[in-house]
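J.: Here you go, one structure.
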Amino acid sequence: MNNRKLKNTLSYIKIYFGIGISVTILFSILILVLINGIQNLSFEFVFSLDAPRGFSLMPMLATTTVIVVLTLLISVPLGISSAIYLNEYASSKSKLVKIVRSSIETLSGIPSIIYGLFGFLFYVIVLGWSWSIRAGIFTVAIMILPIIIRATEEALKAVPMSYRMGSYALGAGKFYTIRKVVLPAAINGILASIILSIGRLIGETAALLLTAGTLLDMPVNLQSSAATLSVFMYTITIEQGDMNRAYATAIVLMALVLSLNLLANFIAKRLKRD
Amino acid sequence: MPNFTIKNANLYYSDFQALKDINLNINDKNITTFIGPSGCGKSSFLRCLNRMNDLVDGARVTGKFLLGNDETDIYKISDVSELRKRVGMVFQKPNPFPMTIYDNITYGAKMHGIKDKKKLDDIVEKSLRDVAIWEEVKDRLKKSALGLSGGQQQRLCIARTIAIEPEVLLMDEPTSALDPISTIKIEDLVGNLKKDYTIVMVTHNMQQASRLGGHTAFFLNGEIIEYSKTSLLFSNPKEKQTEDYITGRFG
């Protein structure tokens, strides 16, 4: 009896120790960035439109937004429809489906620099698009596709079979059932996959560095070369060694990701209530 | 008069024969219960009646299934949706859709083309009154159906099915996941519904079958061993196997 209590206490200590370490590491990163960045952060630095090149984040914010939005416009419909096909229509025994599934799994684990290399060789060189936002978009669109497909598939799998049966028993066809019952029931998981991809896109450097380039100007059109916030951070750290601006940019990046997560939670809650 | 006539029906799951030469007349505006031990084919047979077996890989049905006065062979209907509008189904576990009570009831009606708001409102009220939960839920029609208790959910599922006014109502052990009080409520409800619908119910519970009355078929190993008036089947079974089963010697 006593032995069991002791074991119990020991396990608690181990668990709290583990939690303590992870939380400390996370918070020290956060605090380090905040302490170093806050003094360099100004309204000017984030929002100014006429600051010298690299001294306002406005062009990078614009580039990031454009790339995230347009990439999602390509990948989300494609990814969701692929997931619907794989989970609802395709026979799990088919050889083609097995090949597609294992490719998706492999692709989702590939380092982003390889997508970058592909984008560079194919879009930038073969298609002659040069370093441009469009080359970047088409590269990262492929990169996040497997993430969306896998997460959506998981969400669809989690929808109980009994919902589908109930719908069929009322005379509904497959497509109607998917549209009216399955997708709404899976919406939280699908949203989570989109948020995950947005996070991935905002944090992406390697793939964009090689395809969208590093120009720090406000993009004029999709043919412009332009840097996202993360690419900007990389270039000023490596090429200019300016840690102050890098830290300040990091704060903006973190704030962006945090607000996106809050927004996602808010949307998920709203959808659940309805 | 029979509403559903089944002649020489066989069901195969790939190589396995689940039902062997079933012949049955299911009477109109009456209740027919199927009893028998697990795996005897009673639920499989029920699923033949609205072609839910179409969804099972490798399932194959032979024989004639003639529905209604027009004696439509249900396996010759090209649009299975038409059949399922005439033959509704309630499942073992309550499976309301994760949407509002109102949307659950109007799901079938909307799909079959009813758009008029007033008409839909009427359907909702009538169906919920028919299953006797209108008073309980009328103030929360726009709330999620998942917030209801198990018994209420099952009655909602019945309401959802009768909202599209089927001729036949199939029920696959509709009370096996419910508590005794909800079970009694569902049984009372089924007793009322048989005035308007032809009800076919699979049950594991022999008391339930005898309480509900009507006709009963005893299934064993994919065959119907005995089919007669429920009171007769339980008081004076003709077959030895039926007697063994209802007296609890096996199953």
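J.: Search segment A:69-91 for residues that are more than 20 Å from A:PRO184 (Cβ to Cβ) and pair each with any residue that is aromatic (Phe, Trp, Tyr) when their beta-carbon atoms are under 9 Å apart and the residues are at least 6 apart or on different chains.
T.: Matching pairs, first to second residue: A:THR71/A:PHE138; A:ILE74/A:PHE138.
J.: Based on this model, can you work out whether B:LEU148 counts as surrounded by 21 or more Cβ atoms within 10 Å (Cβ to Cβ) and more than 13 Å from B:VAL90 (Cα to Cα)?
T.: Numbers: surrounded by 21 or more Cβ atoms within 10 Å (Cβ to Cβ): yes; more than 13 Å from B:VAL90 (Cα to Cα): yes.
When the stated conditions are applied, B:LEU148 passes them.
J.: Then there's this: Consider segment A:159-210. How many of its residues are facing chain B (nearest Cβ under 10 Å), part of a loop (DSSP other than H, G, I, E, B) and among the β-branched types (Val, Ile, Thr)?
T.: Within segment A:159-210, residues that are facing chain B (nearest Cβ under 10 Å), part of a loop (DSSP other than H, G, I, E, B) and among the β-branched types (Val, Ile, Thr) number 1.
J.: Counting just the residues of segment B:174-186 that are crowded, with 18+ Cβ neighbours inside 10 Å and more than 14 Å from every other protein chain (Cβ to nearest Cβ), which one comes out nearest to B:LEU220 (Cα to Cα)? Walk me through how you get there before you give the answer.
T.: So in segment B:174-186, the residues crowded, with 18+ Cβ neighbours inside 10 Å come out as B:174-175, B:178, B:182-183, B:185-186.
Next, only the ones that are more than 14 Å from every other protein chain (Cβ to nearest Cβ) stay: B:175, B:178, B:182-183, B:185-186.
On the way: B:THR175: 22, B:LEU178: 26, B:SER182: 29, B:THR183: 25, B:LYS185: 29, B:ILE186: 26 Å.
Per the criteria, the residue is B:THR175.
J.: Give just the number: which of (1) within 13 Å of chain A (Cβ to nearest Cβ); (2) touching a Ser or Thr at 6+ places or on another chain (Cβ under 8 Å) does B:MET171 not satisfy?
T.: Exception for B:MET171: condition (2).
J.: Within segment B:60-95, how many residues are over 19 Å from the mean Cα position of the chain (by Cα) and either under 25 Å from B:GLN153 (Cα atoms) or within 14 Å of chain A (Cβ to nearest Cβ) (or both)?
T.: So the answer is 3.
J.: Identify, by number, the condition in (1) closer than 30 Å to B:LYS110 by Cα; (2) in contact (Cβ under 8 Å) with a residue 12 or more places away in the chain; (3) surrounded by 17 or more Cβ atoms within 10 Å (Cβ to Cβ) that A:ALA172 doesn't meet.
T.: Status for A:ALA172: all satisfied but (2).
J.: Here's a follow-up. Which residue, of B:ARG51, B:ARG60, B:ARG47, B:ARG84, is of a type outside the set (Gly, Ala, Ser), over 19 Å from A:SER167 (Cβ atoms) and at pLDDT 90 or above? Before you say what the answer is, go through the steps one by one.
T.: Values: B:ARG51 fails: over 19 Å from A:SER167 (Cβ atoms); B:ARG47 fails: over 19 Å from A:SER167 (Cβ atoms); B:ARG84 fails: over 19 Å from A:SER167 (Cβ atoms).
So the residue among B:ARG51, B:ARG60, B:ARG47, B:ARG84 that is of a type outside the set (Gly, Ala, Ser), over 19 Å from A:SER167 (Cβ atoms) and at pLDDT 90 or above is B:ARG60.
Yes/no matrix, rows are residues, columns are (1) closer than 29 Å to A:TRP129 by Cβ; (2) in contact with a helix residue (DSSP H, G or I) (Cβ under 6 Å, 6 or more places away or on another chain); (3) surrounded by fewer than 18 Cβ atoms within 10 Å (Cβ to Cβ):
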residue: A:ALA212; (1), (2), (3): yes, yes, no
residue: A:ALA250; (1), (2), (3): no, yes, no
residue: A:ALA264; (1), (2), (3): no, yes, no
residue: A:ILE267; (1), (2), (3): no, no, yes
residue: A:ARG270; (1), (2), (3): no, no, yes
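J.: Looking at segment B:201-210, is at least one residue surrounded by 23 or more Cβ atoms within 10 Å (Cβ to Cβ), touching a residue at least 60 places away in the same chain (Cβ under 8 Å) and assigned to a strand (DSSP E or B)?
T.: yes
J.: Does B:ASN53 fit the bill of being in contact (Cβ under 8 Å) with a residue 12 or more places away in the chain, over 23 Å from A:LYS180 (Cβ atoms) and among the polar types (S, T, N, Q)? Before the answer, list the steps.
T.: Numbers: in contact (Cβ under 8 Å) with a residue 12 or more places away in the chain: yes; over 23 Å from A:LYS180 (Cβ atoms): yes; among the polar types (S, T, N, Q): yes.
Criteria met by B:ASN53.
The values are calculated or read from the model by the stated rules, or taken from the named source; none is laboratory data. The structure displayed is predicted, hence computed values, not measured ones. Reconstructed Cβ throughout: ideal geometry from the backbone, glycine too, with neighbour counts over all protein chains shown.
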